[in-house]
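Peer 1: Sharing a structure with you now.
The values are calculated or read from the model by the stated rules, or taken from the named source; none is laboratory data. This one's a predicted model, so the numbers in the text were calculated from it and none came from an experiment. Counting neighbours? That spans all protein chains shown, and the Cβs are built from the backbone with ideal geometry, glycine included. We work out accessible area using only protein heavy atoms, side chains counted, and drop any ligands, DNA or RNA first. Shrake-Rupley method; radii C 1.70, N 1.55, O 1.52, S 1.80 Å.
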Amino acid sequence: MGGVLLDWNPRHLYRKLIPDPEQMEQFLASVTTTQWHVVQDHGGDPAEATRRLQTEFPAHARLIAAFYDRFHEMCDHAFPEMAELVDRLHRAGTPLYLLSNAPAFLDGWLRGPAHERHPFLSHFRDYVVSGKVGCAKPAPQIYDLVCRTGRFRPGDAVFVDDVLANVDGAKAFGMHAVHHRSADETARALRALGLPI
């Protein structure tokens, strides 16, 4: 989802909350770090993670709370060319499934509220969110889970991701896989694999 379909970025939220760009970057680098957030992608409790971080940085309690309270604002911006690609695949009857490393609560967002902001997300037949299922890409268990969710074999699936390690993990599991770098490159790769776009 993030990096391929949506421009997931905490800066979309924190530019509204921390007007000074240098202060914002310092906050993101030293308080709500990637290392802190990625734990929730693997099943950690966002509320507990927020409380612990607020205890460590009490002066930033309000800003820390915003990270998960307003998480959807980090997902406000879709990549238009990729949204159109999803639309074309859907119109051609291609079964689509979304697999994302994200906190568990994103599962509920993807199944409803996200469709108002990003209608193309409603084209996916189902969603597998790492934080909800307790394993994350590139672990083979999550590729197995998405195959079982969609009732398809690994060799019948094409996985698209912007993180090379995740692409390699999907290939090792037996899927076709495309390393996403641009919408044009991804569309060409999908056409080469025989998808109707």
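Peer 1: In segment 114-125, what count of residues is obtained for those that are over 18 Å from Met74 (Cβ atoms) and surrounded by fewer than 16 Cβ atoms within 10 Å (Cβ to Cβ)?
Peer 2: Residues that pass the stated criteria total 3.
Peer 1: Based on this model, can you work out whether Val128 counts as under 19 Å from the mean Cα position of the chain (by Cα) and open to solvent by 20 Å² or more (accessible area, probe 1.4 Å)?
Peer 2: Judged against the criteria, Val128 is not a match.
Peer 1: OK, next. Filter segment 15-34 down to the residues that are touching a helix residue (DSSP H, G or I) at 6+ places or on another chain (Cβ under 9 Å) and among the aliphatic types (A, V, I, L, M), then identify the one that is surrounded by the fewest Cβ atoms within 10 Å (Cβ to Cβ).
Peer 2: Once the filter is applied, the top-ranked residue is Leu17.
Peer 1: Here is a follow-up. If Leu164 satisfies all but one of (1) exposed (fewer than 14 other Cβ atoms within 10 Å of the Cβ); (2) over 15 Å from the mean Cα position of the chain (by Cα), what's the number of the condition it fails?
Peer 2: (2)
Peer 1: List every residue pair whose Cβ atoms sit under 8 Å apart, with the two residues 6 or more apart in sequence or on different chains, where the first one lies in segment 69-87 and is open to solvent by less than 70 Å² (accessible area, probe 1.4 Å) and the second, anywhere, is among the hydroxyl-bearing types (Ser, Thr, Tyr).
Peer 2: The qualifying pairs are Met82/Thr186; Leu85/Thr186.
Peer 1: Shifting gears a bit: Would you check if Ala136 is among the hydrophobic types (A, V, I, L, M, F, W, C), at pLDDT 95 or above and open to solvent by 40 Å² or more (accessible area, probe 1.4 Å)?
Peer 2: On the way: among the hydrophobic types (A, V, I, L, M, F, W, C): yes; at pLDDT 95 or above: yes; open to solvent by 40 Å² or more (accessible area, probe 1.4 Å): no.
Considered against the rule, which asks whether it is among the hydrophobic types (A, V, I, L, M, F, W, C), at pLDDT 95 or above and open to solvent by 40 Å² or more (accessible area, probe 1.4 Å), Ala136 comes out as no.
Peer 1: Within the group His42, His37, which residue is surrounded by 13 or more Cβ atoms within 10 Å (Cβ to Cβ), of a type outside the set (D, E, K, R) and farther than 15 Å from Ala65 by Cα?
Peer 2: Exactly one of His42, His37 is surrounded by 13 or more Cβ atoms within 10 Å (Cβ to Cβ), of a type outside the set (D, E, K, R) and farther than 15 Å from Ala65 by Cα, namely His42.
Peer 1: Could you please tell me which pairs satisfy a Cβ distance under 7 Å, a separation of 6+ or placement on different chains, a first residue in segment 140-168 that is among the aliphatic types (A, V, I, L, M), and a second residue that is in a helix (DSSP H, G or I)?
Peer 2: Cβ pairs passing all conditions: Ile142/Ser130; Ile142/Val133; Leu145/Val133; Ala157/Cys147; Val158/Leu190; Val160/Thr186.
Peer 1: Can you name every residue in segment 45-65 that is hydrophobic (A, V, I, L, M, F, W, C), surrounded by fewer than 18 Cβ atoms within 10 Å (Cβ to Cβ) and farther than 18 Å from Lys132 by Cα?
Peer 2: Of everything in segment 45-65, those that are hydrophobic (A, V, I, L, M, F, W, C), surrounded by fewer than 18 Cβ atoms within 10 Å (Cβ to Cβ) and farther than 18 Å from Lys132 by Cα turn out to be Phe57, Ala59, Ala61, Ala65.
Peer 1: Can you list residue pairs whose Cβ atoms sit under 6 Å apart, with the first residue in segment 170-191 being free of Cβ contacts under 8 Å to residues at least 24 places away in the same chain and open to solvent by less than 30 Å² (accessible area, probe 1.4 Å) and the second being in a helix (DSSP H, G or I) and of a type outside the set (A, V, I, L, M, F, W, C)? Count only pairs 6 or more apart in sequence or on different chains.
Peer 2: Close Cβ pairs satisfying both conditions: Ala177/Lys171; Val178/Thr186.
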